[in-house]
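Working notes, beginning with the structure itself.
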Amino acid sequence: MSKLYVARSLRVAARGLDGEMMIMSGRDSTLFTLNRTATILWQAADGITPLDEIVQQQICVKFEVEPTVALQDAESLARQLAGHEILQISDQPIQQPTLAAGESR
Amino acid sequence: MSGLLEEMTEKARKLNIPLSVQVDLTYRCNERCVHCYLDHDDHGEMSTAEIKHLLDQMAEAGVFILTLSGGEIFLRKDFFEILEHARRKLMFCVKLKTNAIMIREPEAARIRDLGVESIQISIYSHRPEVHDGITLVPGSLKRSLDAVRFLKSQGLRVILANVLMAQNMQDYQDVRSLAAELGVESTLDPTITPMMDGNRSVLDLGIDRSALRQVFRDPALVGNVEEFCAIAAPADDSTLESLPCSASHTTCYVSPYGDVFPCVQFPLPTGNVRKQKFIDIWRYSDQMNEVRSIRMKDLTTCTSCTHVSSCSRCPGLAFMEGNMRGPSSQDCERSFAKTGVPSANMLAKKRLAENLVQIRTLSSVVGAAGAMA
């Protein structure tokens, strides 16, 4: 199975609120909120770390979840977010300018 | 406001997070709009580094929506550097307010590349003689509309903002048609804000009661006129416990000099980011907390008013009239124009005026007595 790389879109607005991420689509200003798991995926989406590593290193250690199931869910979520143009996905590393992940206290 | 944004706003309020902040980058302007409330001289604007530091602090504090306004924001030579910092580094949802006369194709493309959410542009009329007569800059309507087209061609969300005055009252429908023709949104606001030094003479430029009544009965603007102009149900306990507006709860305003206020239309100084951290002003300023403590039940005069549950009362305009817990006359006029029922404030003023007439009668009696002596 080929690796999947994920990167935060340059065109969205994002901010953490009480552990969840608010994301506004750059395409049509639609607002999304990500739950805690999706927020972890978003924050780790640097375009360089493959999704399976993000799942293993960030999600499986924080939630009691079977790695295969977690990866399937993460892939599905990544594709959904890419459909809304708030995440980019590729089978190659994604090069882009350094981005913050919209964290706040 | 969308349901989700409303939900997020309520969450931010409970957590005391300033979700939405307007920062005026400058008060300098290349137009001289007759109704403008600003002093356009530069009294020591924040530097690029100071603004970037402020934006860093705001992102850390949880600010999501950042409105950059002025003055004319494009007069700052570092505007794109600030915008790039706000978008690329801090991922704010950025809205711009501008007259757009300095936006040409390259600027429009750059705004698109930086993922700005919307650009609000002041357009007062579809007729150059009226628009330019308000901005006092010949050719400004053409330049602003050219900019609208450049921005629109980049796929950006553009909003034409029209302030309604006696001078342009007859043109608002044509401005709306123009917006539709250009494929952009439009807003209409009859509010004129007093000058920052307290001078209220600009209010004379506003539309009169009959024009306001006409606007509120235009179905193209308000939808169902009967519903829009209906007298609201009496206030219940939940209305009286509710907040007058979002100022100091989830929103605030920062001037080009670093002064923080509850809102752009609420000139109560609460602190300065050159001396204190933004978050400390937001959380601990006595003035911010005083505004935050006010509930509808605390309003003088307004709690006994027929319109209390439907009024658009602006606490900032009330503050500029002398009492942040008092009525805002402009909003009383709106409620009256909608329903035909005078507000408690209007009735109180009328009683006061009647008393003044009695005083005049008394003095004329004294005068008569003096004449007899």
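Okay, residues lined up against (1) touching a helix residue (DSSP H, G or I) at 6+ places or on another chain (Cβ under 6 Å); (2) surrounded by fewer than 21 Cβ atoms within 10 Å (Cβ to Cβ); (3) touching a residue at least 12 places away in the same chain (Cβ under 8 Å); (4) outside any helix (DSSP H, G or I):
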residue	(1), (2), (3), (4)
B:119	yes, no, yes, yes
B:134	no, no, yes, no
B:155	no, yes, yes, yes
B:161	no, yes, yes, yes
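Considering only residues that are under 24 Å from the mean Cα position of the chain (by Cα) and part of a loop (DSSP other than H, G, I, E, B), look in segment B:72-84 and name the one that is nearest to the other protein chains (Cβ to nearest Cβ).
Going through the qualifying residues, I end up with B:76.
Restricting attention to segment B:90-107, which residues are closer than 24 Å to residue B:41 by Cβ, of a type in the set (Lys, Arg) and within 14 Å of chain A (Cβ to nearest Cβ)?
Answer for segment B:90-107, where residues must be closer than 24 Å to residue B:41 by Cβ, of a type in the set (Lys, Arg) and within 14 Å of chain A (Cβ to nearest Cβ): there is none.
Answer yes if at least one residue in segment A:64-73 is more than 30 Å from residue B:17 (Cα to Cα) and among the polar types (S, T, N, Q), and no otherwise.
Yes, segment A:64-73 contains at least one residue that is more than 30 Å from residue B:17 (Cα to Cα) and among the polar types (S, T, N, Q).
Count, please, the residues in segment A:72-98 that happen to be touching a helix residue (DSSP H, G or I) at 6+ places or on another chain (Cβ under 7 Å) and either modelled with pLDDT of 95 or more or buried (at least 16 other Cβ atoms within 10 Å of the Cβ) (or both).
Residues in segment A:72-98 being touching a helix residue (DSSP H, G or I) at 6+ places or on another chain (Cβ under 7 Å) and either modelled with pLDDT of 95 or more or buried (at least 16 other Cβ atoms within 10 Å of the Cβ) (or both): 7 in total.
Do you know which residues across segment B:1-12 are more than 7 Å from chain A (Cβ to nearest Cβ) and surrounded by fewer than 17 Cβ atoms within 10 Å (Cβ to Cβ)? Can you show your working first?
Residues of segment B:1-12 more than 7 Å from chain A (Cβ to nearest Cβ): B:1, B:3, B:6-7, B:9-10.
Residues satisfying the conditions are B:1, B:3, B:6, B:7, B:10.
Counting only residues that are touching a Lys or Arg at 6+ places or on another chain (Cβ under 8 Å) and assigned to a helix (DSSP H, G or I), which one in segment A:38-88 is farthest from residue B:9 (Cα to Cα)?
This residue is A:52.
When segment B:55-71 is examined, which residues are found to be surrounded by fewer than 21 Cβ atoms within 10 Å (Cβ to Cβ) and away from chain A (no Cβ under 14 Å)?
Across segment B:55-71, the qualifying residue is only B:69.
Any residue at all in segment B:28-47 that is among the acidic types (Asp, Glu), more than 10 Å from chain A (Cβ to nearest Cβ), surrounded by fewer than 22 Cβ atoms within 10 Å (Cβ to Cβ) and not in a loop (DSSP other than H, G, I, E, B)?
No, every residue in segment B:28-47 fails to be among the acidic types (Asp, Glu), more than 10 Å from chain A (Cβ to nearest Cβ), surrounded by fewer than 22 Cβ atoms within 10 Å (Cβ to Cβ) and not in a loop (DSSP other than H, G, I, E, B).
Given the criterion surrounded by fewer than 17 Cβ atoms within 10 Å (Cβ to Cβ), within 14 Å of another protein chain (Cβ to nearest Cβ) and closer than 22 Å to residue A:25 by Cα, identify the matching residue among B:87, B:110.
When all the criteria are applied, what remains is B:110.
If we keep just the residues of segment A:21-51 that are farther than 13 Å from residue A:80 by Cβ, surrounded by fewer than 17 Cβ atoms within 10 Å (Cβ to Cβ) and not β-branched (Val, Ile, Thr), which is farthest from the other protein chains (Cβ to nearest Cβ)?
A:50
Please work out which one of (1) touching a Ser or Thr at 6+ places or on another chain (Cβ under 8 Å); (2) assigned to a loop (DSSP other than H, G, I, E, B) is the condition residue B:297 fails and give its number.
All conditions are met except number (2).
For residues that are within 14 Å of the chain's Cα centre (by Cα) and either crowded, with 24+ Cβ neighbours inside 10 Å or of a type in the set (A, V, I, L, M, F, W, C) (or both), tally how many sit in segment B:256-269.
The initial filter retains those residues of segment B:256-269 that are within 14 Å of the chain's Cα centre (by Cα), namely B:261-267.
Add one more test, that the residue is either crowded, with 24+ Cβ neighbours inside 10 Å or of a type in the set (A, V, I, L, M, F, W, C) (or both), and what stays is B:261-264, B:266.
Residues flagged as within 14 Å of the chain's Cα centre (by Cα) and either crowded, with 24+ Cβ neighbours inside 10 Å or of a type in the set (A, V, I, L, M, F, W, C) (or both) within segment B:256-269 amount to 5.
The values are calculated or read from the model by the stated rules, or taken from the named source; none is laboratory data. As the structure is a computational prediction, the values presented were derived from the model and not from experiment. Cβ coordinates were reconstructed from backbone atoms using ideal geometry, including for glycine residues, and neighbour counts include every protein chain displayed.
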